[in-house]
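The values are calculated or read from the model by the stated rules, or taken from the named source; none is laboratory data. Small disclaimer: the values here were computed from a predicted structure and weren't measured. Here the Cβ positions follow ideal geometry from the backbone for every residue, glycine too, while neighbour counts run over all protein chains shown.
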Amino acid sequence: MPETSPRPLRADALRNRERLLEAAIQAFSRPGPEVTLDAIARAAGVGIGTLYRHFPTREALIEAAYRNELGKLCDAAPDLLDQSPPDRALRAWMSRFIDYLATKRGMADALRLVIATGANPYAQSRDRLLEALGPLLAAGAAAGTVRADVDTGDVLVSLSGISLAAGERAQADRLLDLLMDGLRHRRTG
């Protein structure tokens, strides 16, 4: 029997899926009592049956919400490069990375449920992030606005450190600006 790929979602089904993922991110990122799937469906403006058609389990919804956030971050890199000079595109992506990590931390309890089932929502995260960040650094190096000797993994670790160390968003922005200054610095002699 020939393999068939799943049919693409209809436009309305795709909109419902996106609304469910956005509602799930909001719900799973808030502290407090565990949110019900009914509440997520209501927040998305759909019925519970629609939620279960897209995500048969709570864990499937959590993992999809996390991967969706990762995808939005990684997919933004080429668009940012199209819209801005490489150094500004890099700085904008860094800011989005801080937002992504804040969401990921907010979802930590929910993501632990996924991990408890044996799934690994982080399986390709690092590779995807490096693949998104690499072209931003390379474009900056080609334009002469970012050092060419920078290791992509080092920048990713630096961004993670900023996210963990910053007490508030304003401090994270200042630290990102310092990192950008370091990425622009040219060694002499």
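Cβ-Cβ contacts under 7 Å between residues 6 or more apart (or on different chains), taken from a first residue in region 99-123 that is touching a residue at least 24 places away in the same chain (Cβ under 8 Å) to a second residue that is surrounded by fewer than 18 Cβ atoms within 10 Å (Cβ to Cβ) and of a type outside the set (S, T, N, Q), are listed as P121/R67. Filter region 105-147 down to residues that are within 25 Å of L80 (Cα to Cα) and charged (D, E, K, R) and give me whichever is modelled with the lowest pLDDT. That would be R105. The criterion of at least 1 residues that are polar (S, T, N, Q) and surrounded by fewer than 17 Cβ atoms within 10 Å (Cβ to Cβ) is met, among helices (runs of 4 or more DSSP H) falling completely within region 6-79, by 11-29. Using the structure shown, decide if R147 is outside any helix (DSSP H, G or I), of a type outside the set (G, A, S), farther than 21 Å from A166 by Cα and in the same structural domain as L70 (by TED's automatic domain parsing). Taking the combined requirement at face value, the residue satisfies it. Comparison of A44, A89, A77 shows that the only residue that is closer than 15 Å to A13 by Cβ and at pLDDT 95 or above is A44.
Looking across region 26-60, the residues that are within 21 Å of A102 (Cα to Cα) and β-branched (V, I, T) come down to V35, I40.
Considering only residues that are within 15 Å of R184 (Cβ to Cβ), of a type outside the set (S, T, Y) and surrounded by fewer than 20 Cβ atoms within 10 Å (Cβ to Cβ), which ones fall in region 140-153? Scanning region 140-153 gives A141, A142, A143, G144, R147, A148, D149, V150. Restricting attention to region 85-132 and to residues that are among the aromatic types (F, W, Y) and in a helix (DSSP H, G or I), the residue that is surrounded by the most Cβ atoms within 10 Å (Cβ to Cβ) turns out to be F97.
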